[in-house]
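Working notes, structure below.
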Amino acid sequence: MRTDDVLDQIDTALHDNTVSGDAMRSRPAAEPVGRGILVRRLVERHGLDHDDARTAVIAHEQGRTTEHTSLVQAEARAVIDETMHRLRAAFRPMAETMNATLKQIAESLKTLRACNVHPHTPARHYGRPAWQSPYGPARRKR
């Protein structure tokens with residue numbers, strides 16, 4: 001752990017109202033996952049020092065420009081592109097299966113429609129008026 005990290009923890013503990021003034025937290029706040037990914041990529045692919053890469057990423061998050069802002073933006077775009085490529089590859093089999101299933105459903109509906117050209121209508125009994133129920137006249141309300 002670097003000296004700056006320890007001093008940051010002390011400053012955070014001094015200005016944190018959720019604990020008493022004499023207490024300190026022993027665990028640093030968790031860094032966002034995306035920040036760690038970008039820092040690691042900047043170190044591995046562009047040879048930046050870990051601290052310089054972290055500073056560049058945090059500065060970009062805060063809207064400040066540094067000498068490495070273009071690298072941070074390029075790596076962020078690359079991460080997004082790679083993630084989308086992996087998502088497309090993962091969902092492609094499911095989408096192809098869904099497409100084939102929908103085609104089968106459409107064909108089944110066409111076959112069903114062709115078999116049932118004349119929909120069945122209930123037979124009308126011509127021995128009584130149309131308004132009369134097959135169970136006799138309606139009962140009167142009391």
Computed about the Cα centre, the charge dipole of segment 31-115 from +1 Lys/Arg and -1 Asp/Glu charges at the Cβ has a magnitude in debye, to the nearest 20, of 680
For segment 93-102, Karplus-derived ³J(HN,Hα) couplings (6.51, -1.76, 1.60; θ = phi - 60°; whole Hz; x for glycine and proline) come out as x, 5, 5, 5, 5, 5, 4, 5, 5, 5
The ³J(HN,Hα) series, computed from each phi in segment 41-46 with the Karplus coefficients 6.51, -1.76 and 1.60 at θ = phi - 60°, rounded to the nearest Hz and given as x for glycine or proline, is 5, 5, 5, 6, 8, 10
Given Cβ charges of +1 for Lys and Arg and -1 for Asp and Glu, the option among Thr101, Leu87, Gly63 whose Cα lies farthest towards the positive end of the dipole of segment 31-115 is Thr101
Simple SL model, points at 7 angstrom along Cα→Cβ for Val6 and Glu107; separation in nm is 7.3
Taking Cα pairs closer than 8 Å and at least 6 residues apart, the relative contact order of segment 31-115 in percent is 20
The convex hull of the Cα atoms of segment 31-115, divided by residue count, gives a volume in Å³ per residue of 125
Contour minus Cα-Cα span, Ala59 to Asp81, at 0.36 nm per residue, comes to 5.7 nm
Subtracting the Cα-Cα distance of Lys141 and Ala100 from 0.36 nm times their residue separation yields 8.9 nm
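Each reported figure results from applying straightforward, stated rules to the coordinates on display, with no laboratory input. In this text, all values refer to a predicted model and were calculated from it rather than measured experimentally. Neighbour counts run over all protein chains shown; Cβ positions are idealised from the backbone, glycine included.
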